[in-house]
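Heads up: the structure comes next, in structure tokens.
The values are calculated or read from the model by the stated rules, or taken from the named source; none is laboratory data. What you see is a predicted model, and the numbers here were worked out from it, not measured in a lab. Here the Cβ positions follow ideal geometry from the backbone for every residue, glycine too, while neighbour counts run over all protein chains shown. SASA here: full protein model, heavy atoms, side chains in, ligands and nucleic acids out. Shrake-Rupley method; radii C 1.70, N 1.55, O 1.52, S 1.80 Å.
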Amino acid sequence: MIVANVMTRNPVFVSPEMSVNDVRALMTREKIGKLPVLDKNNRLVGIVTKKDLVKAGPSGATTLDMYEISYLLSKLKVEKVMEKNVLTVQQTEVVEEAARIMADSAVGCLPVLKGDLLVGIITETDLFRAFVDMFGARHSGVRATFQLEEKPGMLATLARNIADKNGNIVSLVTFDGEDLSKRRCTCKVSGIEKKEMEEIITSCGSKLEDIR
């Protein structure tokens, strides 16, 4: 799965000359908290978030009244509060690499580029949707987590045994476990009963951790 498959396309964006007040109103209207900033040549020059807008506001100890605060914020431009060093990702990058960049850098989104052109944005919400789809959470079936020996052909054997029972694999995700000689697998299968899935897993010599 690549970023282009899960990103939000044609994201709302702002210009560096836009006022902080107008950005806040736009975020409220569109129900979004992160906006790419594009210059007059449609080149990405920054990103502005709700957190940036909060930082730009006066402290709670200010003696200014609400009208004075509103006036000052109407004069404050996006270019003064935006993050200029923006992490980006190309639309052809794989989703897990985008997730790694976001996790390692503690950012909640990445503008997505095609060359130098902004074509989308990928957010934590987009990754959550991909996670839901990857595990087949919207499909019914028997879901099992088990440890499978780290040997060639083990997944093929599992799939063949499921097919022999007229089962259909909805999702299959593998990941490292504490025992490096085994892969932890989460598999959702439709068309078979829970008891049949248990028998399939044990017949492969696997250790069942959870089934539901």
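How about the range 185-212: which of its residues are among the hydrophobic types (A, V, I, L, M, F, W, C) and closer than 18 Å to Val170 by Cα? Walk me through how you get there before you give the answer.
Of the range 185-212, the ones among the hydrophobic types (A, V, I, L, M, F, W, C) are 185, 187, 189, 192, 197, 200-201, 204, 208, 211.
Of everything in the range 185-212, those that are among the hydrophobic types (A, V, I, L, M, F, W, C) and closer than 18 Å to Val170 by Cα turn out to be Cys185, Cys187, Val189, Ile192, Met197, Ile200, Ile201, Ile211.
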- [ ] Return yes or no: is Val107 in contact with a Gly (Cβ under 7 Å, 6 or more places away or on another chain) and not in a helix (DSSP H, G or I)?
- [x] no
Open item on the list: Show the residue pairs meeting these rules: Cβ distance below 6 Å; 6+ apart or different chains; first residue within the range 199-211 and loosely packed, with under 12 Cβ neighbours inside 10 Å; second residue among the hydroxyl-bearing types (Ser, Thr, Tyr).
Closed with: Asp210/Thr145
Task: Every residue from the range 69-122 that is modelled with pLDDT of 95 or more, of a type in the set (S, T, N, Q) and touching a strand residue (DSSP E or B) at 6+ places or on another chain (Cβ under 8 Å) - done: Thr88, Gln90, Gln91, Thr92
Task: Per-region count, the range 166-195, residues surrounded by fewer than 17 Cβ atoms within 10 Å (Cβ to Cβ), modelled with pLDDT of 95 or more and charged (D, E, K, R) - done: 3
Task: Condition broken by Ala130, with the remaining ones in (1) within 23 Å of Met1 (Cα to Cα); (2) open to solvent by 70 Å² or more (accessible area, probe 1.4 Å) satisfied - done: (2)
TODO: State whether one or more residues within the range 152-161 are open to solvent by 20 Å² or more (accessible area, probe 1.4 Å), outside any helix (DSSP H, G or I) and out of contact with any strand residue (DSSP E or B) (no Cβ under 7 Å at 6 or more places or on another chain).
DONE: yes
Task: Unique residue being surrounded by 12 or more Cβ atoms within 10 Å (Cβ to Cβ) and either β-branched (Val, Ile, Thr) or closer than 21 Å to Ser15 by Cβ (or both) when the list is Lys84, Lys77 - done: Lys77
